[in-house]
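Here's the structure we're looking at; comments come further down.
The values are calculated or read from the model by the stated rules, or taken from the named source; none is laboratory data. Predicted model, so just to flag it, every value in this text is computed and none were measured. Neighbour counts run over all protein chains shown; Cβ positions are idealised from the backbone, glycine included.
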Amino acid sequence: MKSILYALMVICFFTGCNSKKSSVPVVAFIDAFQDNTIAQAKQGFFDALQKNGFDEKKGTVKVIYRNAQGDIPTLTQITKYMIAQQPALIATCPTLSTITAIQNTKEIPVFMMVSGTPTLMKLNDAKGNEPKNLFGTGETLGYIDTSFGLINTLIKPKNQKIKVGMIFNQAEPQSVEAMNAIKKLADTDNMELIALPVNTSADVQLVTQSLLSNQIDVFFANPDNTVFASFETIVKSCNQANVPILTSEAGLVARGALAAFGADIYQWGFQAGLQAAELLKTKSTSNLHWQIVQKRNKVFNADVAKKYNIIIPADFKAIK
């Protein structure tokens, strides 16, 4: 009998039978791929948590971080692993991570960033209801009108019509929606749009070269995860062909685009982080709802403007 009691005491010691669940909240962060621009959102997210007293270095929060490195099966595995850890919340960046998380959990709060609206991501149910566990910060396609309009302001066409080239990932709902919106804008603005599909980052160089062979005047980098992940390849090809790049993503300007009107990626993550901090403080989502990104910037790359001899309007801020 004594040996049995002793054995039970040993088991309890190692399994924590008499210990309470740790009061330190666990935050799971899922990145779909490695990207310097997207990484700004992650930094903003954790800066917002730290500002509100949730700092891993001080032991006030535990962070589990994983990056799928662009591999979809790995992203699914990571998501299921995170769910098994029963975190207080899951932070997702960008769109693909958000979609995967929502597809795999209806209970754990998901705080998105660098993602579209639930409608754009096709996450609403048959009745049009949004996921009840989706929070954080998303973006509509409304700002693309202004971004695409920069082309007429900045680019002088070789012919009567400005010829615009772009690529889009057919597997990304947000990218397809953006392409359709841009096509309507091009028709309205009397531009010729050549939009070619890509399936993976490995296709980008070949497809970009195909666009450039059509003598395009400008490349438009739309909100697409494949564009983000392969942007240096796009820049290299466009620079060799003397074709400037305009975009709706402010973070791509430092990486070689000419100019943009779009969301500040760091602030996008920070805004989502403020919501996440509210959950960690109150342990409730009753007063939370996903938000539209609040801060957008008009920015330009001075080196690229000089290369193409383009005069940038005074209301744009140089970021490089």
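Going through (1) in the same structural domain as M112 (by TED's automatic domain parsing); (2) touching a strand residue (DSSP E or B) at 6+ places or on another chain (Cβ under 8 Å) one by one, L274 falls short only on (2).
Okay, residues lined up against (1) outside the structural domain of N124 (by TED's automatic domain parsing); (2) at pLDDT 95 or above:
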| residue | (1), (2) |
| --- | --- |
| G251 | yes, no |
| A254 | yes, no |
| L258 | yes, yes |
| K283 | no, yes |
| A305 | yes, yes |
| A314 | yes, no |
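Looking at T60, is it out of contact with any Asp or Glu (no Cβ under 8 Å at 6 or more places or on another chain) and more than 16 Å from Q34 (Cα to Cα)? When the stated conditions are applied, T60 passes them. Annotation: of all residues in region 126-141 being in a loop (DSSP other than H, G, I, E, B) and in contact with a helix residue (DSSP H, G or I) (Cβ under 9 Å, 6 or more places away or on another chain), the one that is modelled with the lowest pLDDT is L141. Restricting region 39-67 to residues that are of a type in the set (D, E, K, R) and farther than 21 Å from I78 by Cβ, the residue that is surrounded by the fewest Cβ atoms within 10 Å (Cβ to Cβ) is K57. Taking the condition outside any loop (DSSP other than H, G, I, E, B) and out of contact with any strand residue (DSSP E or B) (no Cβ under 9 Å at 6 or more places or on another chain), does K298 pass? Here the answer is no, as K298 does not meet what is asked.
Name the strands (runs of 3 or more DSSP E) wholly inside region 13-125 in which the number of residues that are within 28 Å of T140 (Cβ to Cβ) is 2 or more.
Values: elements: 26-31, 62-67, 89-93, 110-116.
Correct list: 26-31, 89-93, 110-116.
Within region 303-320, the residues that satisfy the criterion of being of a type in the set (A, V, I, L, M, F, W, C), surrounded by 12 or more Cβ atoms within 10 Å (Cβ to Cβ) and farther than 25 Å from V114 by Cβ are A305, I310, I312. With respect to the stated conditions, A181 is closer than 30 Å to D71 by Cα, surrounded by 15 or more Cβ atoms within 10 Å (Cβ to Cβ), at pLDDT 85 or above and assigned by TED's automatic domain parsing to the domain that holds T247.
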